[in-house]
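The values are calculated or read from the model by the stated rules, or taken from the named source; none is laboratory data. Remember, it's a predicted structure, so these values are computed and weren't measured experimentally. All Cβ positions, even for glycine, are placed from backbone atoms using ideal geometry, and neighbour counts span all protein chains on display. Keep in mind that these areas ignore ligands, DNA and RNA; they rest on the heavy atoms of the full protein, side chains included. Shrake-Rupley method; radii C 1.70, N 1.55, O 1.52, S 1.80 Å.
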Amino acid sequence: MTPHARKRNLPPDPAGPPLLHDLEGFYRTFFLPLVRRAVRRHGLSMEDAADVVQDAFILAVERLDASKNPKAWLYQVVDHMALNLMRKLRRRALLSARWNPRTPQEQPGRDAE
Amino acid sequence: MLTPATSLDGLLCRLGKRSAELVQESEPSSAVLRESGDLFRVLSALSWQDEFGEKSEMLRRFAFLCWRHSRFVGTEPEACHWLAEFDRSLRTASTERETLDYFFSLARSDRSPIVNRGLLSTWEDLFLATAFIRRFRNRAPKLVAEEAPWLLEQVNSLQSENPFAERDFLAADLAVSASGAFRHLGDRDLARRWEQTARGHAGRVRPRQVALELVLEYTQLANAVAEGKYLVVLGRWAALAGRCLAIGLEEQAAKFEIVACAALLRANRPIDAIRQLEPLGRNAAIRVNEELRAAVLILLGSAQTLAGGLGDVELTLKDAATLDFDRMGPLFRADFVWLLAELQRARGNENSALSSLLDARTGYERLGMKTQMADVDLVLGDVLLSLGRQEEARAHILAALPTIEDQRMVPQGLAALALLRESVRRRKPDSQALRELRELLQKRH
């Protein structure tokens, strides 16, 4: 194990974090593996996983600190966003089930008499 | 529309998707076991430019599924095999492992519920974290002593259902890790308490896991060696090793034999220890496991030193020098350097021995291993006395006393007294030293 020092409360750097030199190259290399991880770990569809990973890269443009571990950072961001999306999808499904009950009189396509 | 760039991408996507479906299965299933095993083998044969360590992640997923289901619908050796495969895949570097590494480096106050949820939200996550801790049992006892109890709290408090009844298994495994860590750190009381905690959880594991129970027995014997109860160990190890071999656990059987040899050595029976260690070093399970091989060689070297076979010690040290101590961790390195110091001393090379002993002491200090430090301090005291450096000798002997007292290390206490008397005898009367000696003797009686 690489010994890590305990995080210390350092003052923020006014210049901001050093950005990744080649974000586009990083994106090309890591986009699909990150999508696959989101599918594998969180059970997302490919499309939802791709949306989550794209959002993570948008965040990376602003916040990724290239001096730390960019891959691990992206991993965690993708995981958090995927969990948030799963939570949203579950809530949506619950609400949908509550507010769109399918009783025999209300089935779509049946004319009122 | 997202389309994989290559057919390999497509295959990896499908494997990942299928693994996500399989992990949702909530009933033990031989079909899942079979399919997961097949997919593990398919994946093992693939290679690609893998920037994240994705392959080892996916192998871990399938190994976990195989372990989970084989506990119920497979055999115990099968479950042990898949647990070993999971642990093996964790040795490969991956971003997932780095993320865990970073997480455990965070101060507790920085581990917000959000961070926790991201990393420890499922039983599979906790299984991975438990394996991560297990990996450091012999490498970073301070880390394990801090984190195993904390992780056990997370295991106990996870609310989600676990149809595979993994909670007690994980809790027992973490408690075993904690017991070993406290033993390495020289806290025998805590080592025993965690052993009891592990027993409590292991007793509730269903289906019953003989392998886990044998790991617990090993923990008990290792704690007994630390407490000086050698006869207990020597009376029980062979039957336990036999039980391991009966279910194909050669490595665990070898560990029982190693702990028996440690007991023989501490009981001052080096010839008996050598008689067992030499063939043990040729054991197939030992040869393929670098940590076990290191443990055998270091014990063998110590036994040979005690028995006075210096030529044999040199050969053993040469064999041990081929091991990758950087990879195995600082504990093995410190043990090896201490063995080297013993040989140097036996050859009359006091100055080289002194340098090696100080190196070993630094290693144990960094690991937080108080009892090892105390032992080395006494040897340092002895060497320094023979070099005529009484003040430094006294400093090392006195540094050992708190641990000797705290951990009730009786033979070491007697050795310390003898050394202090000798240091006083070789100097002009030193009232401070005499006062300290008197206080120590008063405490003892």
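Some values worked out for this structure:
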| quantity | calculated |
| --- | --- |
| Interface B:A - total buried accessible surface [probe 1.4 Å, Å², rounded to 100] | 3200 |
| Interatomic Cα distance distribution for the stretch B:264-310, bins of 10 angstrom, percent | 30, 53, 17 |
| Å³ per residue enclosed by the Cα convex hull of the stretch B:181-225 | 57 |
| Relative contact order, percent, the stretch B:211-304 [alpha-carbon distance under 8 Å, six or more residues apart] | 25 |
| ³J(HN,Hα), Karplus 6.51/-1.76/1.60, whole Hz, each residue of the stretch A:62-68, x for Gly, Pro | 7, 10, 5, 9, 5, 7, 9 |
| Estimated inter-spin distance, B:Ala418 and B:Arg204, nm [label 7 Å along Cα→Cβ] | 4.9 |
| Pair B:Gln24, A:Arg90: separation of 7 Å Cα→Cβ label points (nm) | 1.3 |
| Most mobile of B:Glu51, B:Glu153, B:Glu217 in a GNM of chain B (Cα contacts under 10 Å) | B:Glu51 |
| Calculated Rg and Dmax of the stretch B:216-302 using C-alpha coordinates, Å | 11.9, 33 |
| Equivalent-ellipsoid semi-axes of chain B, from the Cα gyration tensor, Å, largest first | 45, 23, 22 |
| Cβ neighbours within 10 Å from other chains - mean over A:29-36 | 6 |
| Cα Rg over Rh - the stretch B:293-432, Kirkwood | 0.99 |
| Computed label-point distance, nm, for sites B:Ser386 and B:Ala399 using a 7 Å Cα→Cβ extension | 1.9 |
| Label zone at B:Ser160 (point 7 Å along Cα-to-Cβ), backbone N below 17 Å, the stretch B:13-42 | B:17-28 |
| Cα-based Rg / Dmax (Å) for the stretch B:1-64 | 12.3, 36 |
| Theoretical FRET efficiency, 1/(1+(r/R0)^6), r = Cβ-Cβ of B:Ala307 and A:Lys68, R0 56 Å, to 0.05 | 0.60 |
| Residues B:Trp150 and B:Asp9, FRET efficiency given R0 of 60 Å [Cβ-Cβ distance, rounded to 0.05] | 0.95 |
| Förster radius 30 Å - calculated FRET efficiency between B:Val288 and A:Ile58, Cβ distance, rounded to 0.05 | 0.05 |
| Relative contact order %, chain B, counting alpha carbon pairs below 8 Å whose residues are six or more apart | 8 |
| Relative contact order computed over the stretch B:300-343 (Cα-Cα under 8 Å; 6+ residues apart), in percent | 44 |
| Semi-axes of the equivalent ellipsoid for the protein assembly as shown, Cα gyration tensor, largest first, Å | 52, 27, 23 |
| Peptide B:8-19 - average C-beta neighbours from other chains (10 Å radius) | 4 |
| 4 °C / 1.567 mPa s Stokes-Einstein diffusion coefficient of the stretch B:277-348, Kirkwood radius on C-alpha pairs, µm²/s | 107 |
| Restricting the stretch B:1-60 to chymotrypsin sites (Phe, Trp or Tyr not before Pro) in coil, as DSSP defines it, with at most 15 other Cβ within 10 Å | B:Trp48 |
| Highest average packing first - A:89-100, B:22-33, Cβ atoms within 10 Å | B:22-33, A:89-100 |
| Difference of contour (0.36 nm per residue) and Cα-Cα distance, B:Trp48 to B:Arg408 | 124.0 nm |
| Under Karplus coefficients 6.51, -1.76 and 1.60, residue-wise ³J(HN,Hα) of the stretch B:340-350 in Hz, glycine/proline x | 4, 4, 4, 5, 4, 5, 4, 8, x, 8, 5 |
| Per-q log10 I(q)/I(0), the stretch B:38-128, q = 0.21, 0.26 Å⁻¹ (Debye; single scatterer per alpha-carbon; no solvent) | -1.06, -1.30 |
